[in-house]
Each structure stands twice: as C-alpha cells, then as structure tokens.
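Data first, discussion second: the structure below is written as structure tokens.
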Amino acid sequence: IEFFKNHFRLFPILIFGGILPILPQMIYWYYVSGSFIHYSYPEEARFYFDNPHIIKGLFSFRKGWFLYTPIILPIVFSLFLLKKYTKEWFFPILVFLIINTYIVLSWPIWWYGGGFGQRAFIDSYPLLIFPLAALIQYLQTKNKIIIAFSLVLAMLFIGLNLFQTRQYRSFAIHWDSMTKEAYFANFGKMKPIDGLDTLFKTPDYENAWKNLPERNCPKE
C-alpha cells in the first residue's frame with residue numbers, strides 16, 4: 001500500500017503500457033466486428049470448474065503435458081525440495097501450480113487446439129525454475145552415480161521432447177488427434193508410417209465445447 005501511495009502518479013503510464021500491447025488486437029476486433037472487445041469463441045464456450053480434465057491434460061496421448069514434455073515431471077515433484085532450501089517460495093508456487101492447473105484444464109477444449117504439447121502451461125515455466133534449481137542443488141550433495149543417472153535421465157527426457165517435436169513437424173504426431181494406438185505405432189520413427197492417419201481420431205469439438213462426452217472418443 002505504501003508503494004502505491006508513493007508512486008500513484010505513475011499509474012497512467014502503467015495503464016497505458018498495459019493497453020499498448022493488446023491495442024492492435026482490439027483494433028482488429030473493431031475492424032471485423034464493430035466492437036473493441038470481441039469474444040471469438042463459440043457462445044457456449046466457458047470454463048467448467050465442476051468438470052476439470054486433470055488426468056487427460058497431464059497424461060493423455062492426445063496432449064498430455066507430462067507425456068510430451070517429460071522433463072517437467074521431475075521438476076514439478078522437486079517443488080517439495082523448496083521446503084529444504086527456500087521455504088518462502090514453496091507454498092506460493094505450490095498454490096499457484098494447483099490453481100493454475102485446475103483453471104487451465106477446466107477449459108472444455110483442454111488440449112487447446114492445434115500445436116505440440118500443452119502450450120497453455122508455458123506461462124508457468126518461469127516459476128518452475130525454482131524447483132529445478134532446488135533439484136540441481138539437492139543432486140550436488142549426492143554421489144557421482146546418482147548425479148550421472150540423473151543427468152542421463154534428464155537427457156533422455158529432453159531428447160524425447162525434441163524428437164517428438166520433430167515428429168510433430170513431420171506429421172508423425174498429430175496436432176489434436178493423437179491416440180494411444182497412433183503414438184506407439186509410430187514411436188521412435190521420424191516419418192509417419194503407412195496408414196498412421198487411420199489411427200488418428202479427430203476430437204468432437206461440437207460436444208467438447210459444451211463439456212459433453214465426445215462421440216467416438218479415442219483412447220487417451
């Protein structure tokens with residue numbers, strides 16, 4: 001409160017700076033719709049906080065965060081190491097991750113359209129630097145065998161993520177229609193195998209936007 005009292009004259013600059021980056025989008029909205037604020041999603045699209053898709057969003061073959069970005073899994077669990085090194089960071093980051101995951105995966109299109117992996121969590125990565133740092137500091141106290149094993153595991157996780165990114169670019173991983181069958185049929189192969197497209201299952205967007213069960217829902 002004291003900070004805001006001492007700097008209240010800077011508020012107009014702060015507000016202007018906040019509006020400036022989104023001004024082009026607002027101008028475009030006005031150009032195509034006649035309104036500076038335009039809701040571009042379907043009318044029924046909203047967050048469904050009574051039915052979040054936590055398991056699917058984290059582990060599914062369609063867009064599982066931990067599946068397509070596996071290095072995140074040990075980093076998230078390393079959050080509890082923060083209690084040992086920086087207690088003041090542990091609780092706020094834990095609360096943020098829980099609430100953010102709940103909100104992000106309460107969106108009916110929990111795979112967030114086209115793209116590779118769970119792009120909706122990218123904004124969380126700066127905070128995950130802290131549990132990553134705690135993990136590195138913790139490993140420095142261990143013997144060389146544990147350190148070597150951890151480095152190999154980290155390289156495997158990062159390598160898998162980079163390889164799958166290349167698979168996505170070569171259409172071996174579909175942007176929104178991956179299934180368990182398609183994932184394992186083309187696992188480790190840079191180019192799509194013959195008939196891979198028959199294993200893809202297009203999401204039922206019509207039902208999903210209404211948070212209804214998808215028709216012919218793929219195994220995820």
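The values are calculated or read from the model by the stated rules, or taken from the named source; none is laboratory data. Because the structure is predicted, anything quoted here is derived from the model rather than measured. Methodologically, a virtual Cβ is constructed for each residue, glycine included, from the backbone with ideal geometry; neighbour enumeration extends over all protein chains shown. These area figures cover heavy atoms from the full protein model, side chains too; ligands, DNA and RNA do not enter into them. Shrake-Rupley method; radii C 1.70, N 1.55, O 1.52, S 1.80 Å.
Check cross-link reach from K83 to the lysines: straight Cα distance under 19 Å, and skip same-chain residues fewer than eight apart. Reachable lysines: K142. Every Cα-Cα pair of the stretch 120-196 was included, and the share exceeding 17 Å stands at 61 percent. For the chain, set up a GNM with springs between Cα atoms under 10 Å and report which of K63, K84, K210 has the largest fluctuation. Taking springs between Cα atoms under 10 Å, the residue moving most is K84. For the stretch 1-48, the share of alpha carbon pairs falling in successive 5 Å distance bins from zero is 5, 17, 14, 14, 14, 12, 11, 10, 3 percent.
Note on the stretch 88-136 and the stretch 7-55: Cα centroid distance 21 Å, given to the nearest whole angstrom. Only helical runs count toward this figure. For the chain, summing -39,500 (n - 2.57) over DSSP H runs of n ≥ 4 and dividing by all residues gives -15000 deg cm²/dmol at 222 nm. For the stretch 167-214 versus the stretch 69-84, the spacing of their alpha-carbon centroids is 29 Å. Taking 29 Å as the limit for the C-alpha separation, the pairs K5/K84; K63/K210; K56/K84 exceed it in the case of K5/K84; K56/K84.
What percent do you get for the relative contact order of the stretch 71-182 when only Cα pairs under 8 Å and 6+ apart count? Relative contact order for the stretch 71-182 comes out at 35 percent. Straight-line reach from K191: taking Cα to Cα under 12 Å and skipping same-chain neighbours fewer than 8 places apart, no aspartates and glutamates fall in range.
Placing unit charges on the Cβ atoms of the charged side chains and taking the dipole of the stretch 1-139 about its Cα centre, the candidate lying farthest along the positive direction among I129, I37, F61 is I129. Dipole size of the stretch 101-187 about its Cα centre, with +1 on Lys/Arg Cβ and -1 on Asp/Glu Cβ: approximately 280 debye, rounded to the nearest 20. Calculated over the stretch 41-98, the projected area of the Cα convex hull averaged across directions stands at 5.6 nm². Here, the chain has an Rg and a Dmax of 21.4, 67 Å when only alpha carbons are counted.
Could you look at the stretch 66-148 and say what percent of its accessible area is carbon and sulfur, using a 1.4 Å probe and all protein chains?
73 percent
Within the listed set S35, S170, S106, the residue fluctuating most in the Gaussian network model of the chain (springs between alpha-carbon atoms under 10 angstrom) is S35.
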